[in-house]
Amino acid sequence: MKRNILFSFLYIASTLSSSAAFAGSMPSGNYENGKMKSFSCQFCHGQTGVAKKNGYPHINNQNALYLYNSMKAYQKGERTGVYGNMMKQQLSVLTDQDLADIAIYFSEQP
């Protein structure tokens, strides 16, 4: 009985960790490229990711993978809300590499 519980636990843990790794992978980002590609982001989120307008989130110093996954979710229409359509449109022309570069740029802003 204990052995079955242990094997079940190990199976679930390995499944969850492999799913998380797949869902959370992103291309290697480049800071300088991200700085150049982030121009349109800066209108709402500020040059360094500190939003100057009320209602827009600060994205400076955020985890790069979180930023990347958030942008992917907007692209796919999985994130909605007040700014969902606007973000989807803004991100629609960007590649995965573009998103990774932008994520790295903003994640490294103090």
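We did not get these values from a lab; they are worked out from the coordinates using the rules stated. These figures come from a predicted structure and were not determined experimentally. Note that we place each Cβ from the backbone using ideal geometry, even for glycine, and neighbour counts take in every protein chain shown.
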### Task
Sum up the charges of everything whose Cβ sits under 15 Å from the Cβ of I59, counting Lys and Arg as +1 and Asp and Glu as -1, but leave I59 out.
+4
### Summary
Placing each pseudo-label 7 Å from Cα in the direction of the beta carbon, N54 and T80 end up separated by a distance in nanometres of 2.7
### Query
Quick one: how many lysine pairs in segment 19-110 have C-alpha atoms under 17 angstrom apart, if they're 8 or more apart or on different chains?
4
## Note on the structure
Net charge near S92 (other residues with Cβ under 15 Å of its Cβ; Lys, Arg +1; Asp, Glu -1) is +2
